[in-house]
């Protein structure tokens, strides 16, 4: 009987510690419902016309991040690389990905909604979008894009104007 009472008391203390409000106040919990996501103009490193929503972390800093990009039909990103593995999940639309240092729409592979893909650090690739498309990027920052041809980099085009 004494062991049962000790077990019950121990269990009560354990459950009590799980339910204490101060334990939960130190943890972060966020939900991003589709109709509540805040879209902003895309970063200067991407061609104009996209919107971005950062959902977790800061893609420009060390550490984990999640962001989404919304691109219009026909949107293109010229051949480029990333200094870290790129990981994406297509939420809606079709993300067409091709590998190489020359843009060739015929050489791309379609990634329809629900597709996950990743490519290793330094792989030269290019993109074109079919239909409005939302893609989720997730990885370890900082996220950067480096264009194969510096003339394709929108940041350089802005500087020359």
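The values are calculated or read from the model by the stated rules, or taken from the named source; none is laboratory data. Remember, it's a predicted structure, so these values are computed and weren't measured experimentally. Here the Cβ positions follow ideal geometry from the backbone for every residue, glycine too, while neighbour counts run over all protein chains shown.
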**Item:** Residues that are exposed (fewer than 13 other Cβ atoms within 10 Å of the Cβ), touching a residue at least 24 places away in the same chain (Cβ under 8 Å) and not in a loop (DSSP other than H, G, I, E, B), drawn from the stretch 27-67
**Value:** 63, 64
**Prompt:** Tally time: how many residues in the stretch 83-121 are at positive phi and either at pLDDT below 95 or in a strand (DSSP E or B) (or both)?
**Reply:** 1
**From the options 89, 108, 85, 81, residue that is surrounded by fewer than 16 Cβ atoms within 10 Å (Cβ to Cβ) and either touching a residue at least 40 places away in the same chain (Cβ under 8 Å) or in contact with a strand residue (DSSP E or B) (Cβ under 9 Å, 6 or more places away or on another chain) (or both)** = 85
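Being within 14 Å of the chain's Cα centre (by Cα), in contact (Cβ under 8 Å) with a residue 12 or more places away in the chain and either in a loop (DSSP other than H, G, I, E, B) or loosely packed, with under 15 Cβ neighbours inside 10 Å (or both) is the requirement here; does residue 70 meet it?
Taking the combined requirement at face value, the residue does not satisfy it.
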